[in-house]
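Notes to accompany the following structure.
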């Protein structure tokens with residue numbers, strides 16, 4: 001009899017990811033109180049994207065799942081990036097609006 | 001037709017349990033991509049109006065409580081951990097830890113919504129709920145009201161997803177107590193887990209975008 005094959009990471013990995021997510025939350029709050037100019041947004045969103053990626057890959061098992069789930073999940077977020085990216089390419093290049 | 005509650009938890013259209021499990025996961029992801037687009041529309045609306053009216057968004061954000069927002073972020077991340085551990089337990093047929101982790105997830109979710117309710121109440125008392133009773137003693141109140149409309153729409157739909165999650169978790173807890181989940185059948189725990197983590201991701205973006213604008 002072979003050992004059953006499991007589909008996700010070990011408890012240690014889950015706890016490790018949880019710790020990284022907590023550190024990311026702390027870094028987000030800390031960064032908000034430092035004046036970085038426009039980079040405040042870049043830092044906060046960069047941390048948020050990193051946290052979300054960790055949740056998708058480990059908590060949601062995409063890293064351990066079949067390629068098809070990889071394509072479907074990445075495709076969803078890629079289209080969202082196109083939606084927001086192209087809209088910003090418009091609004092940020094209009095000059096004074098009103 | 002065999003149903004999942006029978007001794008062989010395999011629907012007739014599948015050849016094996018693993019194939020069925022993968023199909024369920026793929027279907028859930030198709031739904032979650034829909035959800036990405038649903039919240040994506042709200043995030044896009046937020047982005048456009050914040051680009052157009054940075055000042056009022058800055059002022060509006062300063063009337064949110066970053067401490068409560070931070071605590072809620074930690075609570076929700078902790079609930080994602082307990083949910084992940086519930087899926088871990090279900091797959092290995094550990095019934096008692098499964099029930100415990102599901103109850104912990106539900107409890108943490110309720111703490112989150114409870115704190116959210118306290119925040120909503122404060123906004124109500126401070127006349128910051130958009131509508132005829134909205135009062136703003138500063139410049140450009142109409143665009144501050146726009147910020148609060150987005151605040152309530154985005155956190156409201158997020159909270160609605162949490163409430164639906166409470167129902168799903170309750171259903172899982174009942175079935176877990178009946179011993180329905182084990183190494184050959186834990187798809188409901190897995191899919192509700194995916195849903196719960198997705199709702200967590202939405203909050204990961206809502207928190208800095210709503211609570212932490214221009215705090216320095």
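Output yes when any residue across region B:72-88 is surrounded by 20 or more Cβ atoms within 10 Å (Cβ to Cβ), more than 10 Å from every other protein chain (Cβ to nearest Cβ) and over 27 Å from residue B:153 (Cβ atoms), and no when none is.
Yes.
Residue check, residue B:62 against (1) touching a helix residue (DSSP H, G or I) at 6+ places or on another chain (Cβ under 9 Å); (2) more than 10 Å from chain A (Cβ to nearest Cβ), all met but one. Which one?
(1)
Restricting the search to region B:131-156, which residues are surrounded by fewer than 18 Cβ atoms within 10 Å (Cβ to Cβ) and in contact with a helix residue (DSSP H, G or I) (Cβ under 7 Å, 6 or more places away or on another chain)?
Of everything in region B:131-156, those that are surrounded by fewer than 18 Cβ atoms within 10 Å (Cβ to Cβ) and in contact with a helix residue (DSSP H, G or I) (Cβ under 7 Å, 6 or more places away or on another chain) turn out to be B:134, B:138, B:140, B:153.
Go through region B:89-103 and give me each residue that's buried (at least 18 other Cβ atoms within 10 Å of the Cβ) and within 14 Å of another protein chain (Cβ to nearest Cβ).
B:89, B:90, B:91, B:98, B:101
Here's a check for you: in region A:21-71, which residue that is more than 9 Å from chain B (Cβ to nearest Cβ) and under 17 Å from residue B:33 (Cβ atoms) is surrounded by the fewest Cβ atoms within 10 Å (Cβ to Cβ)?
That would be A:67.
Hey, could you check region B:180-212 for residues that are at the interface with chain A (Cβ under 8 Å from one of its Cβ atoms) and part of a loop (DSSP other than H, G, I, E, B) and say which is nearest to residue A:44 (Cα to Cα)?
B:212
(1) closer than 17 Å to residue B:77 by Cβ; (2) more than 17 Å from the chain's Cα centre (by Cα): which one isn't true of residue A:38, the others all being true?
If we test residue A:38 against (1) closer than 17 Å to residue B:77 by Cβ; (2) more than 17 Å from the chain's Cα centre (by Cα), just (1) comes out false.
Just the residues that are farther than 18 Å from residue B:207 by Cβ and touching a residue at least 24 places away in the same chain (Cβ under 8 Å), please, taken from region B:53-74.
Of everything in region B:53-74, those that are farther than 18 Å from residue B:207 by Cβ and touching a residue at least 24 places away in the same chain (Cβ under 8 Å) turn out to be B:53, B:55, B:56, B:59.
Laboratory data are not the source of any read-out in this text; all were calculated from the coordinates shown. The structure displayed is predicted, hence computed values, not measured ones. Every residue, glycine among them, receives a Cβ derived from its backbone with ideal geometry; neighbour counts consider all protein chains shown.
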